[in-house]
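What follows is a single structure, written as structure tokens, with notes after it.
The values are calculated or read from the model by the stated rules, or taken from the named source; none is laboratory data. Nothing here was measured: the structure is a model prediction, and the numbers come from that model. Here the Cβ positions follow ideal geometry from the backbone for every residue, glycine too, while neighbour counts run over all protein chains shown.
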Amino acid sequence: MSSTQNLNLICGCGQLLNIKRYRSVNITIDPELKTKVFSGAINRIQCPKCKINIKIDEPFLYQDQNQNLMAWVYPCESQVDLEKEIKQIYELDAQAMAEIKNRFGENIPPERFQEMSQIKMQAVKGIEQLEQLIGKMT
Ligand SMILES: [Zn+2]
């Protein structure tokens, strides 16, 4: 499922803005969001008063189960070190996997578990890099 959060922001011009922030986008379940992602409309709003574009400077998780793809999409201008970030994600992932196995190990069919651990977490900056990533996979 895609996960969202409503945020209230105050624009530089004083206008109160309500923005729907996506923390994750699952295009297998919500295919209509794909266009929104690739047009750059995710986590962005235009102030109705001064027309300025406001972007939320935080990553969202792009998920496509048909391609076994999970990628954190950071803003292009983000200063984050992707390699470091991925390493951290993997460490967390390994922990989470161990935890899941511990708790639900007996209830998860082995093939499902294998499927889960095959999803490679990735991280990119900007939509262009996401497109390249998907291009490489198809
Ligand atoms: Zn404004």
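A few comments on the model shown:
- Hits in segment 106-135 (condition: modelled with pLDDT under 80 and in a helix (DSSP H, G or I)): Pro110, Glu111, Arg112, Phe113, Gln114, Glu115, Met116, Ser117, Gln118
- Search result, residues across segment 44-66 that are farther than 17 Å from Ile10 by Cβ and under 15 Å from the mean Cα position of the chain (by Cα): Glu58, Pro59, Phe60, Leu61, Tyr62, Gln63, Asp64, Gln65
- Residue identified as surrounded by 14 or more Cβ atoms within 10 Å (Cβ to Cβ) and at pLDDT 95 or above among Cys13, Cys47: Cys47
- Applying the criterion of being among the hydroxyl-bearing types (Ser, Thr, Tyr) and closer than 18 Å to Glu128 by Cβ to the residues of segment 1-50, the residue that is nearest to the ligand (Cβ to nearest atom) is Ser39.
- Taking the numbered list (1) free of Cβ contacts under 8 Å to residues at least 60 places away in the same chain; (2) within 19 Å of Ile127 (Cα to Cα) in turn, Gly40 passes all entries but (1).
- Check on Asn8, assigned to a strand (DSSP E or B) and either over 21 Å from Glu85 (Cα atoms) or without any contact (Cβ under 8 Å) to a residue 24 or more places away in the chain (or both): yes
- The numbered conditions (1) within 16 Å of the ligand (Cβ to nearest atom); (2) surrounded by 14 or more Cβ atoms within 10 Å (Cβ to Cβ); (3) free of Cβ contacts under 8 Å to residues at least 40 places away in the same chain are all true for Glu85 except (1).
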